[in-house]
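Engineer: Please see the structure below; I have some questions.
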Amino acid sequence: MRYLLFLLPCLALGQDALSPVIVTATRSDQELDKSPYSAAILTAEDLQRNVTRSLPQAFLNTPGVLVQQTTPAHGSPYIRGFNGRQTLLLQDGVRLNNSTWRGGPVQYWNTLDSQAIDRIELIKSQGSVLYGSDAIGGTVNIFSKSSLFREETGFFSHGSASYRFDTNSRSHIGRVEHRLGEGGKWGLTLGASAKDIGDIKDSAVGRMRGTGYKEESLDFKLEYALSDSATLTLAHSYLNQDDIDRFHNTINNTGWTHGNSFTTAGTDLSRLYDQERSLSYLRLDDHSPAAGWLNSYQLTLSYQKTQDSELRTRGSGRVDNRVLDVDTYGFSLQAESDLGPGALVWGADYYRDDVDSSGSRDGVDRPANRPVADDSSYDSLGLFSNYSHSLTEKFHYTLGTRFTYARADWNGFQPDGATSDQSGDADWTNLSFSARGLYNLSDEWALFGGASQAFRAPNLDDLTGRQFSLNGLDSNGSPDVDPETYVTYELGTRYTSQSVSAELSAYYTTIDDAIIRIRDGAGGLVSTNGGSGDLFGIEAEASWRFHPQWELSGHVAWQDGNQSRPRILGGASINDTIRRLHPLTGSTALTWTSAAKNIWITGRITAAGRQDNLSSLASSDTQRIPINGTPSYIIGSLYTGWHVNDTLELGLSLENLTDEDYRIHGSGQNQPGFNTTFSVKVKW
């Protein structure tokens, strides 16, 4: 524990004295320090300064978030102990989760270009009221870059080109973007990014072959002013990744030993993934409509297309291939109206997935290899409302509710032992509530907290999925599973002044009927509902600007949790640790900024305790999770940037200065050893 003593100042220091505006917490503009939720905002500048290579890595310094990386291209944040289909990902408010998302670490978060992001909003433990199913651990809303044409005058044309090189992996990352238009009338944003990520190198394992990948992405956004208050937006983004090798499963992984902890070697000859995703949406915003009872509204039509393919060659030479195509159609309405002394945000959303799925073995069609049932669909409808009111000058509260209807239909489902396709359907309804409040003890101190219900209907993967999991075991869905329900209770305190800000929060989540995978007694895993459980944790973060040019900041987080579940299908229940709990973690940073604010230097120390509090299934995942637990670590890094002039920006980072051999818990490979990053950005 002594290596974490340097984190103790984090309990007395805060983040930034200037409170930004957050939208996702209540679906309306609200200052972050007045939100009754634990939240985080990350800007494009934050991502650039922290040398962010992918969306999940953006949360490496966020308390309560474990950034697991199966491979560098398949990262997935665990938010307050939940991951995959139990956390909700939005892009410009459009739901990206679809009905084929599996549990555990998922690769889909990497299908958003981290260089095309304007800002990220994370709301922890938000529940289902505002954004529907899946928002259990938290909701992450990614806001893409905009032309900001309403802030311009006359014709404008601005652009930039950036390039970054990492010495450890010999990686190249670049982006070109441009925005043009006529101030107050219209604006167009165009962007293109490319990544050539090389294999990372660790001081103990060496060069980890198969951890590199290539990525290309394109994006555009056209914004047109229909009036002084109404804007019509047409946006499109596309990303493609090829030949992503799941390192820990393959023979490139020869195992890792660190003290008395060790992983086992991979056995597959190769396990390659390709993935493509695109999102298009048309949106009408009006912040001052003619109807007097309506303060604002937003209408959105969206279309998404995703394709995932997996090619696995086992040690025996057997080749399994799986392809999944999903078309998602979406509609949402959000509006805000005055209601008595308060304000009501209300609306509806609807999403439909149409799914095609195929599988083969050694070049021969094999229906049992389909990732989910072929020729299937999934519909989700939600009606929501959220009322906000300041009861007194000191006390503000919100009350919310959502009705959800979900339905799954499938045709091409062929479980093990079946000789022909089976069809089926199921539907579910739910009514969820939330109650949150914030009480101002003074102009600087506030208490916040409340309770939020969360609901997750079974998706197509829960019902009909077929995954390769846990050292190669087959993992199968079950049409008999029931919905999951959760309630999170949270209590926190927040302090904000001109130079100091701090937040301390504690949360407790009750778990009922969470869908888990357990051993089926025949050498595989199967979906079933677990018993009751709970998860709890404490988070603290702070910063102190003790001089106009100096700032000290940091955070620390801890969590634990258990859930009852059968050890084997039909067997007696056991009380098991929840999978992928993050260990005691923390970070502290010291930043100096020049008087002219054109040069900055940050030194950061990050640490994590040993994680040997493992679930029984995690203990079986020995190619990923070390036997005897994931070792503790402490690393130091240095980041600096120089705004040479209005045209040129330079950056330099020295990461993992001591070349520490370490692994973030739950990851499929070690983190890079010592790495130097050079970056340059040119504006015009």
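Engineer: Just to confirm my numbers, what's the Cα centroid distance between the range 14-93 and the range 283-313 in Å?
Structural biologist: Cα centroid to Cα centroid, the span is 20 Å.
Engineer: Whole-Hz ³J(HN,Hα) for each residue in the range 257-271, computed from phi via Karplus 6.51 cos²θ - 1.76 cosθ + 1.60 with θ = phi - 60°, x for glycine and proline: what do you get?
Structural biologist: 10, 9, x, 9, 9, 7, 10, 8, 6, x, 10, 6, 5, 6, 8
Engineer: Still on this structure, please answer the following. Please quote Rg/Rh for the range 273-373 to two decimal places, taking the Kirkwood radius as Rh and restricting both calculations to Cα atoms.
Structural biologist: Over the Cα atoms of the range 273-373, Rg/Rh equals 1.30.
Engineer: What ranking of Val326, Val355 emerges when the number of other C-beta atoms within 10 Å of each C-beta is taken as an exposure proxy, fewest first?
Structural biologist: Values: Val326 23, Val355 28.
So the ranking, lowest neighbour count to highest, is Val326, Val355.
Engineer: Give the total of Lys-Lys pairs in the chain with Cα-Cα distances below 16 Å; include a pair only if its members are 8 or more places apart or on different chains.
Structural biologist: For the chain, qualifying lysine pairs total 7.
Engineer: Whole Å is fine, so just give me how far the alpha carbon centre of the range 588-625 lies from that of the range 627-642.
Structural biologist: 5
Engineer: So what's the Cα pair-distance distribution over the range 368-427, bin width 10 Å, in %?
Structural biologist: 19, 27, 18, 14, 12, 8, 2
Engineer: To make sure I understand, if each residue's beta carbon is the centre and we count other beta carbons within 10 Å, what order do Tyr131, Tyr303 fall in, fewest to most?
Structural biologist: Ascending number of Cβ neighbours within 10 Å: Tyr303, Tyr131.
Engineer: While we're on this one: Please report, in cubic angstrom per residue, the volume enclosed by the convex hull of the alpha-carbon atoms of the range 560-651.
Structural biologist: 154
Engineer: Moving to a separate point now. Among Ala595, His547, Gly537, pick out the residue whose Cα is farthest towards the positive end of the charge dipole of the range 462-611, where Lys and Arg carry +1 and Asp and Glu carry -1 on C-beta, about the Cα centre.
Structural biologist: Going by the Cα projections, it comes out as Ala595.
Engineer: Now for a different question. Taking the beta-carbon count within 10 Å as an exposure proxy, list Phe165, Phe413 from fewest neighbours to most.
Structural biologist: Ascending number of Cβ neighbours within 10 Å: Phe165, Phe413.
Engineer: Moving on to the next point. Would you please calculate the Kirkwood hydrodynamic radius of the range 385-526 over all C-alpha pairs and express it in Å, rounded to one decimal?
Structural biologist: 18.8
Engineer: Rank-order 226-239, 578-591 by packing density, defined as the average count of other C-beta atoms within 10 Å over each peptide's residues, highest first.
Structural biologist: Answer by packing, highest mean first, reads 578-591, 226-239.
Engineer: Report, in deg cm²/dmol and to the nearest 500, the calculated mean residue ellipticity at 222 nm for the chain, where each DSSP H run with n ≥ 4 adds -39500 (n - 2.57) and the sum is divided by the residue count. Could the numbers behind the result be given before it?
Structural biologist: Numbers: 2 runs with 11 residues, N = 684.
Computed mean residue ellipticity for the chain: -500 deg cm²/dmol.
Engineer: Of the peptides 531-544, 630-643, how do they stack up when ordered by the mean number of other Cβ atoms within 10 Å, highest first?
Structural biologist: Details: 531-544: 20.4, 630-643: 18.6.
Highest mean packing first, the order is 531-544, 630-643.
Engineer: Given C-alpha coordinates of the range 622-684, what is the ratio Rg to Rh with the Kirkwood estimate of Rh? Mind showing how you got there, number by number?
Structural biologist: Details: Rg = 16.8 Å, Rh = 14.0 Å.
Reported Rg/Rh, Kirkwood definition of Rh: 1.20.
Engineer: When you count, for each residue, the other Cβ atoms within 10 Å and take the mean per peptide, how do 149-157, 378-386 rank with the highest first? It would help to have the intermediate numbers written out before the result.
Structural biologist: On the way: 149-157: 13.4, 378-386: 20.6.
The most tightly packed comes first, giving 378-386, 149-157.
Engineer: On the Cα set of the chain, report Rg and Dmax in Å, please.
Structural biologist: 24.4, 74
Engineer: For the range 187-194, what does the Karplus curve 6.51 cos²θ - 1.76 cosθ + 1.60, with θ = phi - 60°, yield as ³J(HN,Hα) per residue in whole Hz, taken in order and with x for Gly and Pro?
Structural biologist: These are the phi-based 3J(HN,Hα) values: x, 10, 10, 10, x, 9, 10, 8 Hz.
Engineer: Sticking with this one: Would you mind computing Rg(Cα) / (2.2 N^0.38 Å) for the range 22-175, counting N as its residues?
Structural biologist: Against the compact-globule rule of thumb, the ratio is 1.09.
Engineer: Residues with amide H under 5 Å of Lys145's amide H, sequence separation 5 or more or different chain, H placed in the peptide plane at 1.01 Å from N; which?
Structural biologist: Result for Lys145 returns Asp118.
Engineer: Can you work out ³J(HN,Hα) from phi for every residue in the range 666-680, in order, using Karplus 6.51 cos²θ - 1.76 cosθ + 1.60 and θ = phi - 60°, giving whole Hz and x for Gly and Pro?
Structural biologist: Per residue, the Karplus-derived 3J(HN,Hα) values read x, 7, x, 8, 6, 6, x, x, 3, 9, 10, 10, 10, 9, 9 Hz.
Engineer: What dipole magnitude, in Debye to the nearest 20, does the range 495-645 give about its Cα centre under +1 on Lys/Arg Cβ and -1 on Asp/Glu Cβ?
Structural biologist: 420
Read the figures in this text as sums done on the coordinates, not as results from a lab. None of the values given here were measured: they were computed from a predicted structure. All Cβ positions, even for glycine, are placed from backbone atoms using ideal geometry, and neighbour counts span all protein chains on display.
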